[in-house]
Structures are given as structure tokens and as C-alpha cells.
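Worksheet: one structure, shown below.
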Amino acid sequence: MSLKDIDIVENADSIEGVTDLIADSLIDYAQEYMDSFSKYYNSANRKAHLPFVLKVIAQPDCEAVKALIHYA
């Protein structure tokens, strides 16, 4: 599975497994983005990620982050 517009790709044997991995990766990325905010925000290819990063960090737990993931 890959996320549209964000460079996160994961692979697993099931939808549930890959959703868990993607959610964990999103949480890690959002935290890294906020920890190094000026680096990420001032990077042309990452600036547009801010709204999604804020949405991820606003979630109370991993299950809520998983609910943000939609399949196409």
C-alpha cells in the first residue's frame, strides 16, 4: 500500500496488517515532521504535507489514525 501524495509505502499479507503498518508509519512521520518542523515545512516537496500531519497528530490513538485511511 502507498499513500497518495506522501512517500509512505508498506507491504503486508492482509489489508488489516498493512493498515496497521501504514498507521504506525504515519504517526512516526507526523512526529518527525513536527520535531523538525522548519526543515520539513520549508522543504518544497513536504510543505503540502502539513494539513495531513496535523490531522494525524490530532488523533487520540492509532485506531483513529487508521480511520483516516481510505482505500481506492
From the C-alpha gyration tensor of the chain, square roots of 5λ in Å: 21, 13, 10
Accessible carbon and sulfur surface of the chain relative to its total accessible area, %, 1.4 Å: 52 percent
Neighbour net charge for Glu63 - beta-carbon separation under 14 angstrom, K R +1, D E -1: -3
Crossing angle, helix 15-35 versus the chain [Cα axis fit, 0-90 degrees, rounded to tens]: 10 degrees
Accessible-area value, Val9, 1.4 Å probe, nucleic acids and ligands omitted, Å²: 110 Å²
Accessible solvent surface per residue of the chain, calculated while the other protein chains remain in place, 1.4 angstrom probe, Å²: 67 Å²
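The values are calculated or read from the model by the stated rules, or taken from the named source; none is laboratory data. None of the values given here were measured: they were computed from a predicted structure. Counting neighbours? That spans all protein chains shown, and the Cβs are built from the backbone with ideal geometry, glycine included. Surface areas here come from the heavy atoms of the whole protein model, side chains and all, with no ligands, DNA or RNA. Shrake-Rupley method; radii C 1.70, N 1.55, O 1.52, S 1.80 Å.
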